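Written below as structure tokens is the structure these notes are about.
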Amino acid sequence: MAETRGATVEFRSVTKRYGDTVAVDGLSFAVPAGRICVLVGPSGCGKTTSLRMVNRLIEPTSGEILIDGENVLQGDPTELRRRIGYVIQQTGLFPHQTVADNIATVPRLLGWPKERIGARVDELLTLIGLDVRMLRRYPAQLSGGERQRVGVARAMAARPPVMLMDEPFAAVDPIVRERLQNEFLRLQRDQGITVIFVTHDIDEAIKLGDRVAIMRAGKLVQYAPPGELLAHPADDFVARFVGSDRGLKRLSLLTVGGADIDPNFDRSRLDGAPVLSPSMTLRDALAAMLASESQTGKVMDGDRYLGALTLAKIGAMLRVETPA
Amino acid sequence: MTPGEPLVRWDWVANHTGEIGLRIGEHLELTIIAVVLGLAIAFALAFAGLRLPHLYPPITAFAGILYTIPSLALFAFLVPYTGLSLLTAEIGLVSYTLLILVRNIVSGIRSVPSEVRDAALGMGYTPRAILWRIELPLALGVIFAGIRVATITTIGLVTVTALIGQGGLGYLILLGIQQFFSTPLIVGATLSVALAVAADGALVLVQRSLMPWTRVR
Ligand SMILES: Nc1ncnc2c1ncn2[C@@H]1O[C@H](COP(=O)(O)OP(=O)(O)OP(=O)(O)O)[C@@H](O)[C@H]1O
Ligand SMILES: [Mg+2]
């Protein structure tokens, strides 16, 4: 399954002007192979424009974009697009084609033999957790969440090394969104695809991104892993954008196992303390401790006692620095 | 009309089934030729208007002018050039289909959601493939609405082509008027309406079979 290998994507001083408007202004960053880069920022900051320059739905005014070191601006755009997955918020599923035909779009354009297309469609359907009976349905017969899943499957069908996603989960309700996000993360890890993902939801960016690029008025303000973004926002804009609860958000990126646990804490004093596992996030640990009105948590790896985690230690991690 | 005579003399109808059948056949033939030719020309004009948007207003203006010329006047104008011929009849009939067909083809294609077009382009469809495999199938509903109106209008207009000697059910109507004899007049007019209803029903069936995705839910 993991025969797909992600490609590296690099923006080099990419600028897009529309007359006097500068939509994207000297954007430079690199996405390592197989990682998710999330572009986030307020409306109109140039996220969609940046994304659509990768598959040349928009041509940059200047600069270059490299996929595995190759400039996308050289060569045939149609051929390029067949190697890049593309998912948009409104899905853009073809209303006159069945789910099966929609998913088979790019393999068909690439001229795969019928049996190979059929096998791939079946495989993808399993991966996105839809029933085979769905294959004969038309998009109008699917729920919003199912449509988004089909949109993702369609984009992945020909095993592209790079996938572009523009607010793919924005149109569904929060519960479905959370499920789709989790499924997507699993799929992405499984297939090893490099993803550029656009959202204006900072929580989604923190959850999905290996790297997060914060944009403002066409410029890159900060490009960092989410933990670092929360701990060290580059400026006031980023600090405000990630929110005053960024300390709390950061806790959801850290696990109990990685925290400062006291192994010598007297176990007999932990009666009534909630049991925490090393893989739990600090946010969940905090919630458990607050719920049982306990100053401490008992960290257990199965039957093995690892030590105690105190509220004070979590509190210390909450106090992330404010920008200079 | 002779007083006391019934509106429809069924004995006349019974004795003229061959003639009536012939006129129905002629009527259908004139209609089908007109709609098929009209569609071909309308597609060419519509594609031109879509490719070069500044051409679209003059194209519809031209088709609109054709549409407003009274049919008798158009035939009278054409006869000195093309005679009392099939060509004269079809030039007139085709002219009247163009406005509705061109407008519906263009608006059908323009009504395709932009995100569908965007997704197709983004996945590596060529612009040509987008037109044939995405836009046209999705525009079929609106295009068929145009074909239905064009067909019904043409069936009505074909009754006039009898005046230039091209037969059809108009021939029976003309016969009735000339001989002060109501039977062929009523038969001709009724069959013309029936033909329009039947043709419309047939087109609906064709449309449904071509657009299976509109039958769900
Ligand atoms: N075709 C165009 N012509 C002129 N200006 C444009 C065009 N497309 C985009 N822009 C401008 O470029 C800027 C960036 O647009 P873009 O769509 O990339 O924003 P975005 O970050 O995706 O916003 P959103 O979160 O609202 O989707 C905006 O100011 C927009 O008005
Ligand atoms: Mg956008």
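The values are calculated or read from the model by the stated rules, or taken from the named source; none is laboratory data. Not measured: the values here are computed from a predicted model. Every residue, glycine among them, receives a Cβ derived from its backbone with ideal geometry; neighbour counts consider all protein chains shown.
Confirm whether B:Tyr56 is surrounded by fewer than 17 Cβ atoms within 10 Å (Cβ to Cβ), under 21 Å from B:Leu101 (Cα atoms) and among the hydroxyl-bearing types (Ser, Thr, Tyr). Against the criterion (surrounded by fewer than 17 Cβ atoms within 10 Å (Cβ to Cβ), under 21 Å from B:Leu101 (Cα atoms) and among the hydroxyl-bearing types (Ser, Thr, Tyr)), B:Tyr56 does not qualify. Residue-level analysis places A:Pro139 outside the set of residues that are crowded, with 21+ Cβ neighbours inside 10 Å and within 20 Å of the chain's Cα centre (by Cα). Selection of first residues in the range A:176-189 that are assigned by the TED database to the domain that holds A:Ala205 and of second residues that are of a type in the set (S, T, N, Q), restricted to Cβ pairs under 7 Å at least 6 apart or on distinct chains, gives the following pairs, ordered by first then second residue: A:Leu180/A:Gln148. Taking only the range A:195-218 into account, find how many residues are under 15 Å from A:Phe169 (Cβ atoms) and within 12 Å of ligand 1 (Cβ to nearest atom). Residues meeting the conditions: 4. Of all the residues in the range A:22-57, those that are more than 20 Å from A:Val238 (Cβ to Cβ), out of contact with any Gly (no Cβ under 9 Å at 6 or more places or on another chain) and either away from ligand 2 (no atom under 16 Å from the Cβ) or not in a helix (DSSP H, G or I) (or both) number 1. Where helices (runs of 4 or more DSSP H) sit wholly within the range A:74-156, those with at least 2 residues that are away from chain B (no Cβ under 12 Å) occupy A:114-127, A:144-156. For A:Leu66, state whether it is away from chain B (no Cβ under 14 Å), assigned to a loop (DSSP other than H, G, I, E, B), more than 25 Å from A:Phe169 (Cβ to Cβ) and hydrophobic (A, V, I, L, M, F, W, C). Answer is no for this residue.
Within the range A:151-173, being closer than 9 Å to A:Gly85 by Cβ, away from ligand 2 (no atom under 16 Å from the Cβ) and hydrophobic (A, V, I, L, M, F, W, C) holds for A:Val152, A:Ala155, A:Met156, A:Ala157, A:Ala158, A:Val162, A:Met163. Check off (1) in a loop (DSSP other than H, G, I, E, B); (2) over 18 Å from the mean Cα position of the chain (by Cα); (3) in contact (Cβ under 8 Å) with a residue 24 or more places away in the chain; (4) surrounded by fewer than 20 Cβ atoms within 10 Å (Cβ to Cβ) for A:Pro60 and give me the number that stays unchecked. Here A:Pro60 meets the rest and fails (4). Of the helices (runs of 4 or more DSSP H) contained entirely in the range B:34-130, those carrying at least 1 residues that are within 14 Å of another protein chain (Cβ to nearest Cβ) fall at B:86-110, B:114-122.
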